[in-house]
Amino acid sequence: MKKFAMAAIGGTLAGIVATTYVAGPLLAQEGAGEANVYEQLDLFGDIFERIRAQYVEEVDEKELIEAAIGGMLTSLDPHSSYLSPDDAASMRVQTRGEFGGLGIEVTQEEGFVKVVSPIDGTPADEAGMEAGDFITHVDGESVLGLSLDEAVELMRGPVGSEIVITVVREGEAEPFDVSIIRDTIKLTAVRSRTEGDTVVMRITTFNDQTTPNLEENLKKQIEEAGGMESVNGIVLDLRNNPGGLLTQAIKVADSFLESGEIVSTRGRDPEDGERFNATPGDLAKGKPIVVLINGGSASASEIVAGALQDHRRAIVIGTKSFGKGSVQTVMPLKGDGAMRLTTARYYTPSGRSIQALGVSPDIVVQQPRRKAAAEEEEASPARRSRSEADLRGRLNNDSLSEDEIRQIEADREKAEKAAELREEDYQLAYAIDILKGLVALGPN
């Protein structure tokens with residue numbers, strides 16, 4: 001049976017009703033325990049027949065059985081679930097990089113729906129949703145007490161339709177509503193740009209397109225910069241990346257490692273454990289790397305960050321990651337449905353599990369909240385500060401040629417642009433400054 005090994009975080013595609021099935025304690029003795037299991041299955045059949053015959057309203061037998069299966073799986077952990085045929089098809093589309101929805105990955109925490117991360121460029125991202133937000137209501141209907149699948153089902157709807165989500169956010173005194181227009185989500189796995197002499201690679205998800213996009217974008221940026229000798233390093237931005245395919249996380253880490261273990265998985269049976277090692281070849285040609293993470297970096301993102309950190313191939317900065325250290329295997333079932341089951345934990349090269357702990361950055365850098373426009377205007381100086389160059393009758397600098405003066409002015413302009421980036425994205429600016437420092441102290 002074909003299996004798809006995944007390291008996908010929290011966000012669920014199932015939309016079924018989850019119930020809790022309470023099983024009696026199984027007897028420890030061999031034989032007696034097996035008999036007890038069959039007794040419990042008989043009990044399940046009895047309950048099913050009574051519901052079908054005596055429940056106040058007529059029930060859909062298929063939905064009832066799916067609900068029982070879903071309840072059994074969701075009772076294990078937040079990431080195991082049953083996928084109906086429609087949900088299974090949607091999941092397969094998602095791993096290829098296009099699907100319908102709001103563009104948020106969610107999990108459940110103490111009965112509440114929590115945003116793991118909004119996906120770059122999606123309706124949720126553009127509406128201002130943030131990692132760590134709690135969703136309390138959908139179109140005025142409370143999600144408290146619903147399963148994660150039921151809450152996700154409430155958020156589904158036709159492309160182009162509006163949904164109003166009530167959000168509780170740390171630092172905000174009161175809950176507030178966010179209006180989002182549903183749309184078809186087209187994921188761009190990798191975005192790239194150059195800031196000064198630094199190539200910034202923003203990886204938003206780990207799907208089938210991630211590694212090809214990474215290689216293509218990095219090659220393009222290096223060529224535009226004039227070759228690798230003109231690049232001082234690479235920033236790998238994994239912030240708010242909720243994860244995806246385990247295989248892609250391994251390939252991305254392998255892209256910057258020459259050798260050594262990337263990740264290992266350990267299941268219930270020790271013989272099922274696997275180790276994945278790097279192969280020769282470093283896309284960055286040994287240039288320094290900084291990895292950016294935050295609380296929205298999960299699963300596959302944590303595999304990459306942990307591998308590069310353990311091998312001392314990159315400096316990791318930002319804030320502690322989400323902490324999902326388990327692997328889900330998607331198993332096709334009869335009738336085109338599927339089961340997503342947690343089958344292993346994964347471990348970084350040093351043997352540490354990040355489950356519920358996350359990856360701790362080498363340098364903790366918080367992202368300041370953006371100031372309101374009025375505050376920014378009030379904080380900005382009314383006019384440019386004066387310097388010696390502004391004074392009437394000043395002496396000229398006769399020790400520099402015109403070319404040298406132009407070079408100084410160009411360097412100053414570059415530094416001022418870097419300062420502007422600190423206002424826009426402080427964590428990224430910090431990462432670029434780290435690379436500048438490494439290059440300045442390193443050999444030519």
Condition first: under 19 Å from the mean Cα position of the chain (by Cα) and within 24 Å of residue 118 (Cα to Cα). Can you find one or more residues in segment 339-348 that meet it? yes
Cβ-Cβ under 6 Å pairs, at least 6 apart or on other chains, segment 294-317 side more than 22 Å from residue 344 (Cα to Cα), far side open to solvent by less than 10 Å² (accessible area, probe 1.4 Å) and among the small types (Gly, Ala, Ser): 294/318; 316/305; 317/431
So is residue 208 within 23 Å of residue 326 (Cβ to Cβ), surrounded by fewer than 22 Cβ atoms within 10 Å (Cβ to Cβ), touching a residue at least 24 places away in the same chain (Cβ under 8 Å) and not hydrophobic (A, V, I, L, M, F, W, C) or not? yes
Taking segment 110-125, which residues are open to solvent by 30 Å² or more (accessible area, probe 1.4 Å) and within 17 Å of the chain's Cα centre (by Cα)? 114, 120, 121, 125
Which residues, counting only those in segment 228-265, are surrounded by fewer than 17 Cβ atoms within 10 Å (Cβ to Cβ) and in contact (Cβ under 8 Å) with a residue 40 or more places away in the chain? 228, 260
Taking segment 149-174 as the region of interest, how many residues are open to solvent by less than 20 Å² (accessible area, probe 1.4 Å), part of a strand (DSSP E or B) and farther than 13 Å from residue 133 by Cα? 1
Within segment 295-344, restricting to residues that are over 30 Å from residue 72 (Cβ atoms) and in a helix (DSSP H, G or I), the one that is most open to solvent (accessible area, probe 1.4 Å) is 310
Condition check for residue 279: surrounded by 15 or more Cβ atoms within 10 Å (Cβ to Cβ), in contact (Cβ under 8 Å) with a residue 12 or more places away in the chain and of a type in the set (S, T, N, Q): no
The lone condition residue 136 fails out of (1) out of contact with any strand residue (DSSP E or B) (no Cβ under 9 Å at 6 or more places or on another chain); (2) not hydrophobic (A, V, I, L, M, F, W, C); (3) not in a helix (DSSP H, G or I) is (1)
Residue tally, condition open to solvent by 10 Å² or more (accessible area, probe 1.4 Å) and under 26 Å from residue 288 (Cβ atoms), over segment 345-357: 5
Scanning segment 267-283 for residues that are modelled with pLDDT under 95 and of a type in the set (D, E, K, R) gives 268, 269, 271, 272
Identify the residue in segment 282-293 that is touching a residue at least 60 places away in the same chain (Cβ under 8 Å) and within 14 Å of the chain's Cα centre (by Cα) and, among all such residues, is surrounded by the most Cβ atoms within 10 Å (Cβ to Cβ). 293
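The values are calculated or read from the model by the stated rules, or taken from the named source; none is laboratory data. Since this is a predicted model, take the numbers as computed values, not measurements. Heads up, the Cβs are rebuilt from the backbone with ideal geometry, glycines too, and the neighbour counts pull from every protein chain shown. SASA here: full protein model, heavy atoms, side chains in, ligands and nucleic acids out. Shrake-Rupley method; radii C 1.70, N 1.55, O 1.52, S 1.80 Å.
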